[in-house]
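Each remark here refers to the structure printed beneath this line.
The values are calculated or read from the model by the stated rules, or taken from the named source; none is laboratory data. For clarity, every value in this text was computed on a predicted model and none was experimentally measured. As a convention, Cβ positions derive from the backbone with ideal geometry for all residues, glycine included, and neighbour counts pool all protein chains shown.
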Amino acid sequence: MVRSSLDPGSALAAVGFVRWREATQIKLVGRTSDGAGLVVDAPVALDMVSPDAFLRLERKGRDIVASVSADGVAFVQAGRVALCAPPDSLLAGVAVAPARARCLGDAAATFCDLAWTELGPLPAQPFHRGDADANGLLELTDAVFVLEYLFLGRCASPCLDAADADDSGRLDITDAVRILGFLFLGAAPPPPPGPPGEDCGPDPGSVHLGCEAYGGC
Ligand SMILES: [Ca+2]
Ligand SMILES: [Ca+2]
């Protein structure tokens, strides 16, 4: 499990083996933001018997990716959950629990070969300015994305610098206005690296909001 804090309602992602009707499944559970409800990935049936298998949780930007392996070398992805606004550092731990919460008695497991890998700083992520939803297109939906983030509690863009359409160093309603002005009123395009149609690039300015992931290049 990784989680943003020790608060019981904190954002988290947890992957584990579950025994169900003599079969073994791997299940990923996530809470995308503090206080939100739990989301559960469809469990993946395994042709291996726990606990003789390896589990891995990787952080990729805001995504937490779970994978499983029979030999600790070749891993197969078993689920993915995107946390809304994970902190730079997450807490990590392992646990074992009874299959049913109401069951009394002890549960025991042996965890072996635990490893924690710390990643170095990531290279600057190229992106298109204004593409708030990071889909490689500049559309009305990008302005809507910004407004829903500001006023309806939507998850932030995975690339905040892309959502910062006017490169002001903050996200506000002017970013939605800038997108709409460019799309429909012939206003100037968003500042470098520019909107889709121009080359992707990193933020050339000195003020960065961050860009954890961008799939639109
Ligand atoms: Ca877009
Ligand atoms: Ca802005």
message: Against the definition (outside any helix (DSSP H, G or I), outside the structural domain of residue 32 (by TED's automatic domain parsing), within 30 Å of residue 93 (Cα to Cα) and touching a Lys or Arg at 6+ places or on another chain (Cβ under 9 Å)), how does residue 112 come out, yes or no?
response: no
message: Looking only at the stretch 60-78, how many residues end up being at pLDDT 85 or above, closer than 19 Å to residue 215 by Cβ and not β-branched (Val, Ile, Thr)?
response: 1
task: Would you please name the residue that is farthest from residue 89 (Cα to Cα), looking only at residues in the stretch 1-31 that are free of Cβ contacts under 8 Å to residues at least 60 places away in the same chain and polar (S, T, N, Q)?
output: 24
message: Whether any residue in the stretch 100-108 is at pLDDT below 95 and either β-branched (Val, Ile, Thr) or surrounded by 13 or more Cβ atoms within 10 Å (Cβ to Cβ) (or both) is what I want to check.
response: no
query: Among the residues of the stretch 160-194, which ones are under 21 Å from the mean Cα position of the chain (by Cα) and either under 19 Å from residue 215 (Cβ atoms) or away from ligand 2 (no atom under 14 Å from the Cβ) (or both)?
result: 160, 161, 162, 163, 164
From 215, 205, 194, residue being at positive phi, surrounded by fewer than 18 Cβ atoms within 10 Å (Cβ to Cβ) and assigned to a loop (DSSP other than H, G, I, E, B): 194
field: Tabulated pairs, the stretch 130-155, first in contact (Cβ under 8 Å) with a residue 40 or more places away in the chain, second surrounded by fewer than 24 Cβ atoms within 10 Å (Cβ to Cβ) and of a type in the set (S, T, N, Q), C-beta under 8 angstrom, 6+ apart or interchain
entry: 155/32; 155/33
- prompt: Which of (1) assigned to a strand (DSSP E or B); (2) modelled with pLDDT of 85 or more is the odd one out, the single condition residue 26 does not satisfy?
  reply: (2)
- request: Kindly indicate the residue of the stretch 129-159 that is within 11 Å of ligand 1 (Cβ to nearest atom) and not in a loop (DSSP other than H, G, I, E, B) and also farthest from the chain's Cα centre (by Cα) among those meeting that condition.
  value: 140
